[in-house]
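A.B. asks: Right, I'll just put the structure down here and ask away after.
Just so it is clear, none of the values below were taken in a lab; they were calculated from the coordinates. These numbers were taken from a predicted model, which means no experiment stands behind them. FYI the Cβ positions are ideal-geometry reconstructions off the backbone, even for glycines, and counts take in every protein chain you see.
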Amino acid sequence: MESPQKTEVVLLACGSFNPVTNMHLRLFELAKDHMNATGKYRVIKGIISPVGDAYKKKGLISAHHRVIMAQLATQTSSWVEVDTWESLQKEWVETAKVLRHHQEKLEARGCEQQDSPVLERPGRKRKWAEQRSELNQKKTLEPQRKDVPEVKLLCGADLLESFGVPNLWKREDIANIVGDYGLVCVTRAGNDAQRFIYESDVLWRHQANIHLVNEWITNDISSTKIRRALRRSQSIRYLVPDLVQEYIEKHNLYSAESEERNVGVILAPLQRNTAATNSRTTTA
């Protein structure tokens with residue numbers, strides 16, 4: 001008896017990557033092992049998508065530097081790459097839209113590969129035009145092809161729990177992320193992700209599409225701690241890839257001054273979602 005065909009998966013990690021750390025890279029490996037071990041999925045690619053400068057997070061340095069560091073960090077990876085689309089947007093882009101962007105790219109690529117029917121007799125232009133018209137009509141009516149890889153959001157438990165922060169996420173975006181795409185969440189010691197899912201109606205409703213990955217070899221590296229160590233003139237070797245450390249030192253990226261960037265500025269999603277909430281309240 002043949003084993004059922006495995007669903008191909010692309011893991012997408014969105015975030016500041018300020019800077020990218022060895023823990024960020026470990027998330028991909030942990031998630032890939034877990035998803036492949038289910039026997040239902042086959043992870044074919046990982047994507048790091050640094051957020052744009054318009055996110056306005058405290059201490060967020062230029063996307064230009066954060067993208068380059070991520071590219072340096074993934075130089076030796078055979079399956080994890082960096083995508084710049086999100087970082088190049090002038091306005092902050094919701095994570096749900098970033099997921100949709102990458103899913104649509106995969107679908108378009110799949111259509112290109114399967115959109116060239118071979119005619120029995122070459123040179124019959126009218127027949128070709130009719131076939132192409134019929135094919136385009138079918139594409140608009142058919143659901144997403146099963147052989148198109150699925151994009152899933154890769155994150156840590158801190159992002160999962162941030163779903164509970166008022167006005168940080170739109171409720172419909174959370175439903176869209178976990179319902180239409182799926183979440184692969186690597187949990188750290190001390191995070192009760194399963195309880196958080198149970199206590200959230202929207203997460204509980206889509207729990208089958210939330211994959212929790214236990215991090216048995218604990219790793220508490222974070223970008224915040226890396227930046228703090230640099231402000232204390234302490235070594236960050238073995239906490240970030242060597243090329244990233246060299247780039248940080250060469251450009252003197254993190255300091256007490258850089259940590260004050262965007263101080264007093266409201267985080268882009270909070271600003272946008274709070275304004276939308278107030279507008280609805282005023283209208284009501």
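A.B. asks: Once you've got the Cα coordinates, tell me which of 40/170; 56/97; 32/105; 97/225; 6/32; 6/105 are over 24 Å apart.
C.D. replies: Checking Cα-Cα distances, 40/170; 97/225 exceed 24 Å.
A.B. asks: With the calculation restricted to Cα positions, what are the radius of gyration and Dmax of region 1-107 in angstrom?
C.D. replies: 15.1, 56
A.B. asks: What would the Debye formula give as log10 I(q)/I(0) at q = 0.14, 0.22 Å⁻¹ for the alpha-carbon point model of region 150-209, no solvent?
C.D. replies: Here the Debye-derived log intensity ratios amount to -0.34, -0.88.
A.B. asks: Between residue 201 and residue 167, what length comes free when the chain is fully extended (0.36 nm per residue of separation minus the Cα-Cα distance, one decimal in nm)?
C.D. replies: Using 0.36 nm per residue and subtracting the Cα-Cα distance, I get 10.6 nm.
A.B. asks: Quick query: amide H of residue 16 versus all other amide H atoms, modeled in the peptide plane; which residues come in under 5 Å with a sequence gap of 5 or more or a different chain?
C.D. replies: 51
A.B. asks: While we're here: For residue 278 and residue 33, what does the FRET efficiency come to when R0 = 41 Å and r is the distance between their Cβ atoms, rounded to the nearest 0.05?
C.D. replies: Efficiency, rounded to the nearest 0.05: 0.40.
A.B. asks: Which distance in Å, rounded to a whole number, links the C-alpha centroids of region 178-228 and region 90-104?
C.D. replies: 21
A.B. asks: Evaluate the distance, in nm, between pseudo-label points positioned 7 Å from the Cα of residue 64 and of residue 246 along their respective Cα→Cβ axes.
C.D. replies: Each label point is offset 7 Å from its Cα along the Cβ direction, giving 2.1 nm.
A.B. asks: Let me make sure I get this right: for region 150-284, a, b and c are the square roots of the gyration tensor eigenvalues over alpha carbons, sorted descending. Under 1.5 in a/c it's rounded, otherwise prolate if a/b > b/c, else oblate. Which is it?
C.D. replies: Since a/c reaches 1.5 but b/c is at least a/b, the shape of region 150-284 is classed as oblate.
A.B. asks: Taking H as built 1.01 Å from N, whose amide H comes closer than 5 Å to the amide H of residue 7, not counting residues under 5 places away?
C.D. replies: Under 5 Å from the amide H of residue 7: 41, 42.
A.B. asks: Right, next: Give the long-range amide H neighbours of residue 81: residues separated by 5 or more places, or on another chain, with amide H under 5 Å away, using H modelled in the peptide plane at 1.01 Å from N.
C.D. replies: The answer is 46, 47, 48.
A.B. asks: Now for a separate question. Per residue of region 191-202, what does 6.51 cos²θ - 1.76 cosθ + 1.60 with θ = phi - 60° give for ³J(HN,Hα)? Whole Hz please, x for Gly and Pro, Karplus curve as stated.
C.D. replies: 9, 9, 5, 5, 5, 4, 5, 4, 7, 10, 4, 5
A.B. asks: Full-extension gain between residue 261 and residue 225, please, as 0.36 nm times their residue separation minus the C-alpha to C-alpha distance.
C.D. replies: So the chain would gain 11.3 nm between residue 261 and residue 225.
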